[in-house]
Amino acid sequence: MANLKDSVNELLAIDGALVSAIVDSNSGMVLSHAGSGIDIELAAAGNTEVMRAKLKTMHMLGLGDQIDDILITLAKQYHIIRPMSKHEGLFIYLVLDKARSNLALARRKAQDIEASIVV
């Protein structure tokens, strides 16, 4: 079991990771983060809106499912938004350098780390 600071540092250790954070999707506030290269406060607020929009759309469609993760692929980066299943209202935000990361392994590692987080 890991606390938030240890968890974001473990996420940052993933090959190609640039930034990691735990975000409160109710407020858009960053609870803990590691790394640099982006304005994490702005990114957290913006990605909170992405989460809300996707959940609203799923509700309107009557999907009755849950999000494993949301992947945003940019020219040089991957951005992963992963809702924490054990801690409703929180999500992991992970930014990866596309050239230095393995997306499948990063998603798997994020899933493993999520399972060990204690809030």
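State yes or no: is residue 23 closer than 11 Å to residue 92 by Cα, at pLDDT 95 or above and under 13 Å from the mean Cα position of the chain (by Cα)?
Working: closer than 11 Å to residue 92 by Cα: yes; at pLDDT 95 or above: yes; under 13 Å from the mean Cα position of the chain (by Cα): yes.
Taking the combined requirement at face value, the residue satisfies it.
Return the residues of the stretch 2-21 that are free of Cβ contacts under 8 Å to residues at least 40 places away in the same chain and not in a loop (DSSP other than H, G, I, E, B); say none if nothing qualifies.
Matches in the stretch 2-21: 5, 6, 8, 9, 12.
Would you mind stating whether residue 80 is surrounded by 13 or more Cβ atoms within 10 Å (Cβ to Cβ), in a helix (DSSP H, G or I) and touching an Asp or Glu at 6+ places or on another chain (Cβ under 6 Å)?
No: the conditions fail for residue 80.
Within the stretch 83-117, track down each residue that is outside any helix (DSSP H, G or I) and under 20 Å from residue 55 (Cα atoms).
Once the filter is applied, which keeps residues that are outside any helix (DSSP H, G or I) and under 20 Å from residue 55 (Cα atoms), the stretch 83-117 yields 83, 84, 85, 86, 87, 88, 89, 90, 91, 92, 93, 94.
Could you tell me which numbered condition residue 17 fails, if it satisfies all but one of (1) touching a helix residue (DSSP H, G or I) at 6+ places or on another chain (Cβ under 7 Å); (2) more than 23 Å from residue 104 (Cα to Cα)?
Just one mismatch for residue 17, condition (2).
Report the residue count in the stretch 86-117 for those that are in contact with a His (Cβ under 9 Å, 6 or more places away or on another chain) and of a type in the set (A, V, I, L, M).
Of the residues in the stretch 86-117, 4 are in contact with a His (Cβ under 9 Å, 6 or more places away or on another chain) and of a type in the set (A, V, I, L, M).
Among 119, 30, which is over 14 Å from residue 16 (Cβ atoms), at pLDDT below 95 and either surrounded by 13 or more Cβ atoms within 10 Å (Cβ to Cβ) or not hydroxyl-bearing (Ser, Thr, Tyr) (or both)?
When all the criteria are applied, what remains is 119.
Working only within the stretch 49-67, note down all residues that are in contact with a strand residue (DSSP E or B) (Cβ under 9 Å, 6 or more places away or on another chain) and in contact (Cβ under 8 Å) with a residue 24 or more places away in the chain.
50, 51
Scan the stretch 22-73 residue by residue and report those that are among the acidic types (Asp, Glu) and not in a loop (DSSP other than H, G, I, E, B). Break it down stepwise before answering.
So the first thing to find is which residues in the stretch 22-73 are among the acidic types (Asp, Glu), and the list is 24, 39, 41, 49, 65, 68-69.
Within the stretch 22-73, 24, 41, 49 meet the criteria.
Looking at the structure I just gave you, is residue 62 of a type in the set (Gly, Ala, Ser), modelled with pLDDT under 95 and over 15 Å from the mean Cα position of the chain (by Cα)?
For residue 62, the condition - of a type in the set (Gly, Ala, Ser), modelled with pLDDT under 95 and over 15 Å from the mean Cα position of the chain (by Cα) - is not met.
Please specify each residue of the stretch 47-62 satisfying the condition of being on the phi < 0 side of the Ramachandran plot, surrounded by fewer than 14 Cβ atoms within 10 Å (Cβ to Cβ) and of a type outside the set (Lys, Arg).
49, 53, 57, 59, 60, 61
The values are calculated or read from the model by the stated rules, or taken from the named source; none is laboratory data. Keep in mind that what you see is a predicted model, and the values were worked out from it rather than measured. Cβ atoms come from the backbone with ideal geometry, glycine included; neighbour counts cover every protein chain shown.
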